[in-house]
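A.B. asks: What follows is a structure written as C-alpha cells; I'll ask about it next.
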Amino acid sequence: MIKKYVKAGLLIVTLVIPALVFGFLRFFTTNHYNIPYFHPVKNAAGQIKVERGDTVFYALPDIGGYKFRDKLTVISYFEPNCVDSCEVMHDNLDRIYGLTEGIKDLNVMLVSDTIVDASVRGWKDGWRSVKLVDGDRTSVLLWDYQDPGKTVVGDRDNRWILIDKEGRIRGYYNGASHDETDRLMAEIKILDLGEKRGLVK
C-alpha cells in the first residue's frame, strides 16, 4: 500500500512540477533575444560614444533615394558576371523575400555598380535595386567589415547585410549558404517580433 502511495506521489511530482515551471516562465518572465549591433560610433578622442546610457551605433544614410528608416532591409550585392554562386544566392534571397507576406516592412535590396532592373538574369519581382556611387560599398555600407580574429562571413560578393529600422547594421551573412539563410530568416523574425512586443534589446 505504501509503495502505491509513493508511486502516486512520484507521478504527481513528475507531472506537476514541469507544469509549474512552464507556467512561471510563461507568465512571470520575459524572454530577450540579443541580436548584435555593429560599428559603435567613436568620438574625437577615440572613445565609444554613449547617449542616455546607451552606446551609439553607426546608422546608414539614405542611398540612391532609398531610406532605411522604418523598414527592415536585407542588402545583397549584385554581380552581373557571377553565375553559379549567384544563382544559389538569388534562390536563397527569394526565400527571404517570401517573409514579406507576413512582415510588410521587410525589403530586399540589390546594390550594384551598374543599373539593375527586371531585365537582368535572376531578377525577382518585388526586389529593389540601387546603383552605388564609387566608394559606397566600402565606406557607406561597410561591406568589408571583419570581426577581429574571425573569418569574414562568406566571399565578398556572397555577403548579405541586415539593416534594422533605425538604419543600423545588425548582421553579416553568407548568401550562398542555406544555413546562413536560415539564420538570417530567424533573426529577421526575431527583430520583427521584438519590435512588436519589446523583446529585443
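The values are calculated or read from the model by the stated rules, or taken from the named source; none is laboratory data. As the structure is a computational prediction, the values presented were derived from the model and not from experiment. All Cβ positions, even for glycine, are placed from backbone atoms using ideal geometry, and neighbour counts span all protein chains on display.
A.B. asks: What are the residues in the range 44-73 that are outside any loop (DSSP other than H, G, I, E, B) and more than 16 Å from Ile161 (Cβ to Cβ), if any? Explain how you work it out, then say what you get.
C.D. replies: Here is the first cut: in the range 44-73, the ones outside any loop (DSSP other than H, G, I, E, B) are 48, 50-51, 54-55, 57, 59, 63, 66, 72-73.
Ile48, Val50, Glu51, Asp54, Thr55 - these are the residues of the range 44-73 that are outside any loop (DSSP other than H, G, I, E, B) and more than 16 Å from Ile161 (Cβ to Cβ).
A.B. asks: What tally of residues in the range 34-64 results from selecting those that are of a type in the set (Ser, Thr, Tyr) and under 19 Å from Trp143 (Cα atoms)?
C.D. replies: First pass over the range 34-64, keeping only residues of a type in the set (Ser, Thr, Tyr): 37, 55, 58.
Then keep just the ones that are under 19 Å from Trp143 (Cα atoms); that gives 37, 58.
Looking only at that region, the number is 2.
A.B. asks: Which condition does Val152 not pass, out of (1) within 24 Å of Pro40 (Cα to Cα); (2) at pLDDT 70 or above; (3) not in a helix (DSSP H, G or I), if it passes all the others?
C.D. replies: For Val152, the failing item is (2).
A.B. asks: In the range 36-88, how many are polar (S, T, N, Q), surrounded by fewer than 16 Cβ atoms within 10 Å (Cβ to Cβ), under 20 Å from the mean Cα position of the chain (by Cα) and under 30 Å from Ile115 (Cα atoms)?
C.D. replies: Total satisfying the criteria: 0.
A.B. asks: Any residue in the range 87-104 that is outside the structural domain of Ile188 (by TED's automatic domain parsing) sitting within a Cβ distance under 7 Å of a residue that is of a type in the set (Gly, Ala, Ser) and in a helix (DSSP H, G or I)? List the pairs, counting only those 6 or more apart or interchain.
C.D. replies: Qualifying pairs under 7 Å: none.
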